[in-house]
Amino acid sequence: MKKRSLNRFISLITSFAAVLSFYHFFSDSIIKTNSIMPSVFVSADRDTIAESDGISDNPYNRQDDMEVAYDGSRWVQPKEWNKPKISPKDYKGGIMLYFDKIGLDPEYARGKVQSVYFCLTGATEPVSHIKFHFFYDTRLTVRNNTKGELLNKGRALNDFTTGSAMVEEGELVFNAYSDEAKLIDGCLFTVDFIVPENAEQGDVYPFGLSYVTDDAAPDTFIDSEQKDAGKLQMTYVFTKGIHSGYIKINGAKKTTTAATTAVTTTTTAEPVSAAEYKLGDINDDGLINSVDASSVLAYYARVSTKQDGGYTEEQQFAADADSDGQINAVDASNILAYYSYVSTTKEDIISFENYMKK
């Protein structure tokens, strides 16, 4: 407990120093725009909350070698918005924030430094204030860059001022701010992980975001003026637009029955007609998950650069999740949203077709 308190104290001091630094640099713009910057750069202390509800602060540290889907139910609409509850269903864009999903061979992986990318695509509204809490499996070790930073700023934030700090082992906080710069598609940040020396085939090390809020410093993803369109986009992002990642050691677990299940899902069926093809199940393995979403993104990237997408007619039918005649990031986002829904719903799970009709 003393170590945890010390880590949080260091994080608080780091965040406070960032506030002073950013306020000095952007003082004129902060005064002019009534910026929310100071609240963005203060880290929250959640010891009391975590201990009172009995829930781990780090949903990615179960160490059960399972992928962890982002939990949009943790989202809490900021009281200062002073608005009726905003529904993410009203958002018509296709914004998606996603982490790498990486597979490594055991012999190559042990002790390796592996870079992980956190990327953005499809933002429809300007964003100038960003704060995320990034969680990871503590079997992984974060390696600082040559500047001593925990997270490396990506090109999507080239003209933003950024900072990161460790709240405690397994939890980092990332901040970005700019009143002038325009957020672009691309990498938001990268993190370098050291894979455990004792990594074995079948090990899965998940990581991702989890929405964190308190009265002083909620996570955020919004424009300086906090327009209604920006609030709607932020609501969608923190409920449906974020997708977790993992580093997986290739191969099946040697002594668990889970390996049998994993192997039996990788069947290859003969091509089927569009009428028989399951919407959202691109690889026809009977599952609708992140593999299908990644496939759609890869297809979209290829056709966007005038290359052959590589899909059969049946796969194109399955990939067009919203049935609008186009295959793009919106479809991938819908597939991932359904996968997250299935992963967090215990009973009465509806089909993907019915999910898309909601």
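No lab work stands behind these numbers, since they all come straight from the coordinates. Model, not experiment: these values are computed from the prediction.
What Rg and what Dmax come out for segment 60-210 when only alpha-carbon atoms are used, in angstroms?
16.9, 55
Using θ = phi - 60° and the Karplus curve 6.51 cos²θ - 1.76 cosθ + 1.60, what whole-Hz ³J(HN,Hα) does each residue of segment 106-111 get, with Gly and Pro shown as x?
Once rounded to whole Hz, the list reads x, 5, 7, 6, 4, x.
Which whole-Hz couplings ³J(HN,Hα) result when phi for each residue of segment 150-156 is put into the Karplus expression 6.51 cos²θ - 1.76 cosθ + 1.60, θ = phi - 60°, listed in order with x for Gly and Pro?
Per-residue couplings from phi come out as 7, 10, 9, 5, x, 5, 5 Hz.
List the lysines whose Cα sits under 24 Å from the Cα of LYS101, skipping any in the same chain fewer than 8 residues away.
LYS112, LYS131, LYS153, LYS240, LYS248, LYS253, LYS254, LYS278
Give me, ordered by chain and number, the residues 5 or more places off ASP65 or on other chains with an amide H under 5 Å from its own placed amide H.
HN-HN under 5 Å from ASP65: VAL204.
What's log10 of I(q)/I(0) for segment 165-215 at q = 0.16, 0.18, 0.31 Å⁻¹, Debye sum over Cα points only, no solvent?
-0.77, -0.91, -1.38
How much length is gained on full extension from VAL291 to SER87, taking 0.36 nm per residue of separation minus their Cα-Cα distance?
70.7 nm
Report, largest value first, the span of the C-alpha coordinates of segment 272-357 along each principal axis, in whole Å.
Taking max minus min along each principal axis of the Cα atoms, segment 272-357 gives 42, 24, 22 Å.
So for segment 145-245, what percent of the C-alpha to C-alpha distances run longer than 21 Å?
44 percent
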